[in-house]
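Inspection log for the structure reproduced underneath, given as structure tokens.
The values are calculated or read from the model by the stated rules, or taken from the named source; none is laboratory data. Computed from a predicted model, the values in this text were never measured in an experiment. Neighbour counts run over all protein chains shown; Cβ positions are idealised from the backbone, glycine included.
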Amino acid sequence: MPWQTMDQNIIELLEKRLGRLHARQRLGIESDNEARVFGHGMNFFHLENWYSIHSVIRNGLRLLGLYGRGKRNTLDIRIRHNEIRLPGLPRAFDGFTILHASDLHVDMNWDATHALIERLREVNYDICVLTGDYRAQTFGAYDATLEGMEKVRVHLKDPVYAVLGNHDTICMVPGMEQMGIRMLLNESVAIERDGAVLHLVGIDDAHYYRVDNIEKAAHDVPHEAVSILLSHTPEIYKQAAHAGFNLLLCGHTHGGQICLPGGFPLTLDARCPRYMGSGPWRYHDMIGYTSVGSGTCIVSVRLNCPPEIVLHRLHPA
């Protein structure tokens, strides 16, 4: 649907929130490229938009006797603990804990969303960050997505910061922020603790819509300050490292979601080194973590790649 025919109230809210240029650019790109299987974005081929193949994958897993087990695995959400030592981190932030959830796809599998809620009851943290992909499909209605996110949000402790992914429409931003999720769309926020400051930066989707702008996002971050970048995808790793970010938190890959024994992914749907496909990694002086996500995409199964939420605990190096 052309963005010019959309709800004028949404357009006005987005222009007020993001500025006329960013809002109309994102809406226009969404309208031009929604549901495209080939071309656009980082990758030439987009399996998530080839809807006729989804049933083929499901039926193939059924024939192999793997579908039932894979579906049950989606409910086994693990709580990962990741200790991070950052050079220059102020002592006031020693032990500062970040809850990181990614790729929730809340309207894909309601049982998995309820399993996520149960896991959220078990964790303690200082801030929560969400790194995109809240919707199951890549286009169309998003009311069910906002409904699911509202159920999750009730169980998240303030403050909550988030970025959009390649499955998400910019039209979700007003609804997300109304429920108390601060969206960072090429923006930054300073987190203060006992007089010290940590800078949290978020960029818009860099994988499909390519509307990320690190320079704009980090404009207010002092060069010597410790900074954390939220990105939906790890594919921005080179730009992030050379821009001087200390830590990159991301998702998108699902860790492969359907993996061979030993956790070897068949595909990561990301143009980055395979070692960045899941878990902790490093590139030059920048530390990274790619979450395998708590939800599923294309088919609601996981094999040899359990879903997760992550508690990142910061320490001075």
Given the conditions (1) among the hydrophobic types (A, V, I, L, M, F, W, C); (2) within 18 Å of the chain's Cα centre (by Cα); (3) farther than 18 Å from Val163 by Cβ; (4) at pLDDT 95 or above, report the number of the one that Leu268 does not fulfil.
-> (4)
Restricted to the range 113-153 and to residues being basic (Lys, Arg) and touching a residue at least 40 places away in the same chain (Cβ under 8 Å), the residue nearest to Asn186 (Cα to Cα) is Lys151
Among the residues of the range 275-298, is there at least one that is crowded, with 22+ Cβ neighbours inside 10 Å, modelled with pLDDT under 95 and farther than 22 Å from Leu99 by Cβ?
-> no
Residue tally, condition surrounded by fewer than 24 Cβ atoms within 10 Å (Cβ to Cβ) and among the polar types (S, T, N, Q), over the range 228-248 | 2
Do you know which of the residues in the range 81-112 that are crowded, with 22+ Cβ neighbours inside 10 Å and not aliphatic (A, V, I, L, M) is farthest from Pro280 (Cα to Cα)?
-> His105
Just wondering, is there one or more residues in the range 176-188 that are of a type in the set (Ser, Thr, Tyr) and in contact with a strand residue (DSSP E or B) (Cβ under 9 Å, 6 or more places away or on another chain)?
-> yes
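For the condition among the β-branched types (Val, Ile, Thr), within 18 Å of the chain's Cα centre (by Cα), surrounded by fewer than 20 Cβ atoms within 10 Å (Cβ to Cβ) and at negative phi, what is the one hit in Val189, Val197, Val154?
Checking each option against the conditions leaves just Val189.
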Please tell me if Ala206 is on the phi < 0 side of the Ramachandran plot, among the small types (Gly, Ala, Ser) and part of a loop (DSSP other than H, G, I, E, B).
-> yes
Pair list, Cβ under 6 Å, 6 or more apart: the range 177-190 residue part of a strand (DSSP E or B), other residue aromatic (Phe, Trp, Tyr) and at pLDDT 95 or above = Arg182/Tyr161
Identify all residues within the range 148-167 that are over 21 Å from Ser231 (Cβ atoms), in a helix (DSSP H, G or I) and either modelled with pLDDT under 95 or of a type outside the set (Gly, Ala, Ser) (or both); write none if there are none.
-> Glu150, Lys151, Arg153
Report the residue count in the range 210-235 for those that are closer than 18 Å to Val292 by Cβ and not in a loop (DSSP other than H, G, I, E, B).
-> 3
